[in-house]
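Notes follow once the structure below has been shown.
The values are calculated or read from the model by the stated rules, or taken from the named source; none is laboratory data. Model, not experiment: these values are computed from the prediction. Cβ coordinates were reconstructed from backbone atoms using ideal geometry, including for glycine residues, and neighbour counts include every protein chain displayed.
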Amino acid sequence: MASVVDEQNSGDTAYTPMAPDCDGLAYQAALVLVFEGREESNGYTERVLSSYRRRAKNRCILYLASSSLFRPLLIKVGLMKTSVGCRHIIRD
């Protein structure tokens, strides 16, 4: 199914494919929705999707914070408290 979703989104340059590895955050979110989704009231998906969006955003921030080039920018926009390292990243 991941390859079908990948094909449907092939025209989207911002899309990250799930197949063939099927180990990324998008795939993990899909599994949670499939296997635990019925426990959500009224089929509400936003709690799961928001949680995985935050994880994806934090991964990007951690990646950028590993570069001294981007640390000052992350501090300036409020995503890092200090330039000492990744452990000071503000999470929401």
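Table: residues versus (1) in contact with a Ser or Thr (Cβ under 9 Å, 6 or more places away or on another chain); (2) surrounded by 10 or more Cβ atoms within 10 Å (Cβ to Cβ); (3) under 21 Å from Pro17 (Cα atoms); (4) modelled with pLDDT under 80.
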| site | (1), (2), (3), (4) |
| --- | --- |
| Val32 | yes, yes, yes, no |
| Glu36 | no, yes, no, no |
| Tyr44 | no, yes, no, no |
| Tyr52 | no, yes, yes, no |
| Tyr63 | no, yes, yes, yes |
| Arg71 | yes, yes, no, yes |
| Ser83 | yes, yes, no, yes |
| Cys86 | yes, yes, no, yes |
| Arg91 | no, no, no, yes |
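Here Ala14 clears all of (1) modelled with pLDDT of 80 or more; (2) aliphatic (A, V, I, L, M); (3) surrounded by 10 or more Cβ atoms within 10 Å (Cβ to Cβ) except the condition numbered (3). For segment 18-30, the candidate set comprises residues that are more than 13 Å from the chain's Cα centre (by Cα) and not aliphatic (A, V, I, L, M); within that set, the residue that is farthest from Ala56 (Cα to Cα) is Pro20. Looking across segment 20-57, the residues that are more than 20 Å from Glu7 (Cβ to Cβ) and among the β-branched types (Val, Ile, Thr) come down to Val32, Thr45, Val48.
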